[in-house]
1. Rounded to the nearest 500 deg cm²/dmol, what is the calculated helix-only ellipticity per residue at 222 nm for the chain, with -39500 (n - 2.57) per DSSP H run of length n ≥ 4?
2. With contacts defined as alpha carbon pairs under 8 Å and 6 or more residues apart, what's the relative contact order of the range 5-61 in percent?
3. Rounded to a whole number, what is D in µm²/s for the range 5-61 from Stokes-Einstein with the Kirkwood radius over alpha-carbon pairs (37 °C, 0.692 mPa s)?
4. So, R0 is 45 Å and r is the distance between the beta-carbons of residue 675 and residue 431; what FRET efficiency does that work out to, to 0.05?
5. Output needed for the chain: three equivalent-ellipsoid semi-axes, defined as square roots of 5 times the C-alpha gyration tensor eigenvalues, in descending order, whole Å.
6. How would the range 282-363 be classified by its alpha-carbon gyration tensor: rounded, prolate or oblate, with rounded meaning a/c under 1.5 and the a/b versus b/c comparison settling the rest?
7. At 0.36 nm per residue, and after removing the present C-alpha to C-alpha distance, how many nm does the segment from residue 335 to residue 440 gain when stretched out fully?
8. What does the highest-first list of 576-585, 179-188 look like by mean Cβ count within 10 Å?
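Since every read-out is calculated from the coordinates, none of them should be taken as a lab result. Remember, it's a predicted structure, so these values are computed and weren't measured experimentally. A quick note on method: Cβ atoms are made from the backbone with ideal geometry, for glycine too, and the neighbour counts reach across all protein chains shown.
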């Protein structure tokens, strides 16, 4: 059968084309009588796909996309989905796309959608048709291999596809039913055509140790091996390095210097020195590993690091940005070894005001490595005797705590915000299975490092600004005013007084007044949801949460590429050179590094979710404590207290009443009983159903367990379908993405990242390291 689609599209795209009918078009293209039925069907398919428009006079033309909207598409398991326009965070602004109008778009794709029907009722979504796919989220997926007859299929993890993807002959790549495999999509499924793919890798038997983590690594397309050329460059750097050669560097080897990291840390990229003179002025040195010495621009090492953007920290392993010979050895500030650094040397007066700063290529020798626990014990009693800790070292740690408190007070005085949200760390056994969980420690020793790193990052950002040097900033934009207004309404619904949500000091007061109260989690989490996410960009927009006019990332070049770029600009200035960086290239680099950072965070959340769901699959019927972290008209999203995983209490399981959503207060209210379930409530729940592959966790309230089983609940998306849709025919197999896991704002805080950095990597010759975010 002849394929006329390309001919038709070329014809309508021609500059001199004028709309003509189907018959006229067939004559123009010399379509024979025998081929006309196929030609007609192919044109109809192009119309259905939005690639052709049919006018009232039945003429055909290229679609007019002048009023189209660009956004990210999320498809449900039933084929329909929603497009969230760029720069939009409200659910009400999402555009509903029916299965027939979605074409072969997949979840995460960037698409162009044309609105075809405006909402007739408040609360409903506009309806649209996807007319173009601008960028695929990924062509690589992970799923479970299965066979039917003489054919092989892969059921893709999650809810991206409703039906399994055909892969042809059974046993490709040696796969057996039940194995996890990586799949490359050859043909995306549509409403009237099944998808087709090719198995690219056999990951391993479903449920085998490590297979769950490796599946997520493949699904997120995270590179976990280094090319031979990259490894050889790293080894060559090792052969050239000599601790005795400090040519061109300031010699700080005799200055008392310490590192403070998790007990299990394997690499160290920051060290601290501190002294105080007779005037009461502080001299703080923040010494950061000079990764730029080993990773030069336009090398294979640099290309690899840039592509990765960041190290990735998963519960049972670490995927470093740099080969371990650098990240865990040459660049790592190990105690007792001479290491190359870039030092930020800052002077503060007795009130913590920065009175001077300078930067230097340097060499240091760390005198003592401390874990957080060890450092806290010394900081609390610096004059006491501590085994193996000389007096001068103990005295310096005491001074570190004193200065950090001063710097923190100044940051709060200028309007810095700090949210207190509970964070739970899961405990894994040797096989990677969940064995338990515990609350993460965040004592003052963590905060000391946090405060010093923030001070160094701000000093570097202002230094670059003074020299008009283009560089990547870490920008946390101001929240949208209407988001803060919504938060204020929510706070007032809890009985709190908040009249000026645009005032940082009013927000500080609310956070302070609710700390330690039953409303703490609701208020702190609600404010977090009102804020934007931080990004990398060369623009000077400041950092809202830190109340900082200019901010960048400088303190973790071992694990973050933006820090390495900043180091190169600082060193260029110190060498008397004009820093080179094209602004357009920096914008592109910033977008890339923002994406890789978010990909790493999403992969970590996904691995944690898979492991916890696997654990909870054996706990169906068990009761847990939970916190309501999301309220929708279809139910309550709850985060278990004992384990950091979210599940849904669907409104249909609330059998004691008929509930409606009170949007302003984020509350489900019973019409008859008046019973209320609101954001931040602590409740008892029971695990009702777990589907690990589809990432589904269904919960019911502990005091409203149904006497018997219940059928599949409606989809979250279904509740916002246009009125004409038959909701009863849809089942729920998807959920909104999990809320950001964060201990505090800013998300750049070092404490949580240092804890993650301390995780022991799964033994592997190509994995290791840790990360810190500041």
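1. Numbers: 15 runs with 207 residues, N = 774.
Only helices count here, giving -8500 deg cm²/dmol.
2. On the way: 39 pairs, mean separation 24.6, N = 57.
Normalised by residue count, the contact order of the range 5-61 is 43 percent.
3. On the way: Rh = 11.4 Å.
Answer, rounded: 288 µm²/s.
4. Details: r = 43 Å, r/R0 = 0.96.
Rounded to the nearest 0.05, the efficiency is 0.55.
5. Numbers: eigenvalues 465, 214, 145 Å².
One finds semi-axes of 48, 33, 27 Å for the chain.
6. Working: a/c = 2.14, a/b = 1.93, b/c = 1.11.
In terms of gyration-tensor shape, prolate.
7. Values: separation 105, 0.36 × 105 = 37.80 nm, distance 2.62 nm.
So the extension gain works out to 35.2 nm.
8. Details: 576-585: 11.3, 179-188: 20.1.
Packing proxy ranking, top to bottom: 179-188, 576-585.
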